[in-house]
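Here's the structure, in structure tokens; my notes come after.
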Amino acid sequence: MPATEVMKDLAVKLISGEIRVVDLSGSLGPDTPILQLPPDFAKNTPRVEIHKISEYDKDGPFFAWNWMVLGEHSGTHFDAPHHWITGKDYEEGYTDTLDLQRVVAPVNVLDFSAESAADVDFLLTPDHVEAWEAKHGEIGAGEWVVMRTDWDKRAGDEAAFLNADDAGPHSPGPTPACVEYLLSKKIVGWGTQCIGTDAGQAGGMTPSFPAHNFLHRDNCFGLASLANLDKLPAKGAVLIAAPLKIARGTGSPIRAMALVAG
Ligand code: 23J
Ligand code: MN
């Protein structure tokens, strides 16, 4: 079908609801879980704040509006290559310079929610991904890969979402070899439902935070705190994950969404 016909068809099916837009973002506000790195290791992102400017009152008679305190890496968000030292030299590695064509792409949804419920430190390996591909089809170049853990069900309870104890945070994520395997497929990026693209215990891996290290080394993108992956098919949806055009930004909160048939 010619592209002009595809566009007409898409427009009709969006209006009719035959193609649905699924919301993949969590609510962004003071209760949004925020990553907490050990304070002796690094400075942290502040909590989200929403301050009223006016609400049809003396400060603005006809209008309501707010201003915010908002870290780039807050809530459902995008990691650009410049976020990590391994990606620091990509001129197109910032939120305002990246290639927007890349962020709208087919999405592979790897459902490891049962494994993650059974083990909060569950690690996804190349063997897991290959078994998933044998069942659902190969992961292709330019595609997103996201790991379903149903961690979004914890997002209303920051302690449960971060899930930290004396040994640090506990949440599922990929092994270093898994990230390398996905990058060998030339994916555009990797997304999770947890606070970051890496597992809770990834600070102790070699290298530290392998998803960040390898993804951004290869000019690829990360997505974190994704919601509603349980509403997506394993294959067939199109993910739209566009960051704000922050000047020289390293990441951005996003309204992540997927186009889904039926
Ligand atoms: C900096 C250091 C470690 C991590 C992160 C940031 C993130 O998760 C992030 O939001 O990029 S794990
Ligand atoms: Mn981030």
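Under the definition of Cα pairs under 8 Å and six or more residues apart, what whole-number percent is the relative contact order of segment 75-157?
Once divided by the residue count of segment 75-157, the mean separation gives 31 percent.
Let me know the shape class of segment 114-262, please: from the alpha-carbon gyration tensor, a ≥ b ≥ c as square roots of the eigenvalues, rounded when a/c is under 1.5, otherwise prolate if a/b is greater than b/c, or oblate.
Because its axes are fairly even, with a/c under 1.5, segment 114-262 counts as rounded.
Starting from 0.36 nm per residue, how many nanometres of slack lie between Val104 and Lys231 once their C-alpha separation is accounted for? Don't jump to the answer; show the numbers that get you there.
Details: separation 127, 0.36 × 127 = 45.72 nm, distance 1.83 nm.
Between Val104 and Lys231, full extension yields 43.9 nm more.
For every other residue with a beta carbon closer than 14 angstrom to the beta carbon of Gly262, add +1 if it is Lys or Arg and -1 if Asp or Glu, then tell me the sum.
Here the count lands on +3.
Spin-label point model (7 Å from Cα, Cβ direction): what's the Arg20 to Ala242 distance in nm?
About 2.3 nm, to one decimal.
Among Thr97, Met68, Tyr56, whose Cα sits farthest toward the positive end of the charge dipole of the chain (+1 at Cβ of Lys/Arg, -1 at Cβ of Asp/Glu, about the Cα centre)?
About the Cα centre, the residue reaching furthest to the positive side is Tyr56.
Which residue, Phe112, Ile85, Phe161, has the largest displacement toward the positive end of the dipole of segment 56-180 when charges sit on each Cβ (Lys, Arg +1; Asp, Glu -1)?
Among Phe112, Ile85, Phe161, the one farthest towards the positive end of the dipole of segment 56-180 is Phe161.
Given charges of +1 on the Cβ of Lys and Arg and -1 on the Cβ of Asp and Glu, with all other atoms neutral, how large is the dipole of the chain about its Cα centre, in debye to the nearest 20?
The calculated dipole for the chain is roughly 640 debye.
Rounded to a whole number of µm²/s, how large is the Stokes-Einstein D of the chain at 37 °C and 0.692 mPa s, given Rh as the Kirkwood radius over C-alpha pairs? Before the final figure, lay out the partial values.
Numbers: Rh = 19.2 Å.
My calculation gives 171 µm²/s for D.
Where nothing but the Cβ of Lys and Arg (+1) and of Asp and Glu (-1) is charged, how large is the charge dipole of segment 7-126 around its Cα centre, in debye to the nearest 20? Don't skip to the end; give the middle numbers.
Working: 9 positive and 20 negative charges, 68 e Å.
Dipole magnitude for segment 7-126 comes out near 320 debye.
Restricting to DSSP loop positions (anything but H, G, I, E, B) with no more than 10 other Cβ atoms inside 10 Å of their own Cβ, which GluC sites (Glu not before Pro) remain in segment 57-132?
Counting only loop positions with at most 10 other Cβ atoms within 10 Å, the GluC sites (Glu not before Pro) in segment 57-132 are Glu91.
Packing-wise, with mean Cβ within 10 Å as the measure, how do 20-33, 184-197, 144-157, 48-61 rank, highest first?
184-197, 144-157, 20-33, 48-61
With an 8 Å cut-off on Cα pairs and a minimum separation of 6 or more residues, tell me the relative contact order of the chain in percent.
It rounds to 30 percent for the chain.
What size of dipole, in debye to the nearest 20, comes out for segment 120-170 about its Cα centre when the only charges are +1 on Lys and Arg C-beta atoms and -1 on Asp and Glu C-beta atoms?
In debye, rounded to 20, segment 120-170 gives about 180.
State the number of lysine pairs found in the chain whose Cα atoms come within less than 21 Å, restricting to pairs 8 or more positions apart or on distinct chains.
Step by step, the pairs that qualify in the chain add up to 12.
By the gyration tensor of its Cα atoms, with a ≥ b ≥ c the square roots of the eigenvalues, what is the shape of segment 46-150: rounded for a/c under 1.5, prolate for a/b over b/c, or oblate? Walk me through the numbers on the way to the answer.
Values: a/c = 2.56, a/b = 1.82, b/c = 1.41.
Prolate shape, in that a/c is at least 1.5 and a/b is the bigger ratio.
Laboratory data are not the source of any read-out in this text; all were calculated from the coordinates shown. Nothing here was measured: the structure is a model prediction, and the numbers come from that model. In this analysis, Cβ positions are derived from the backbone assuming ideal geometry, glycine residues included, and neighbour counts consider all displayed protein chains.
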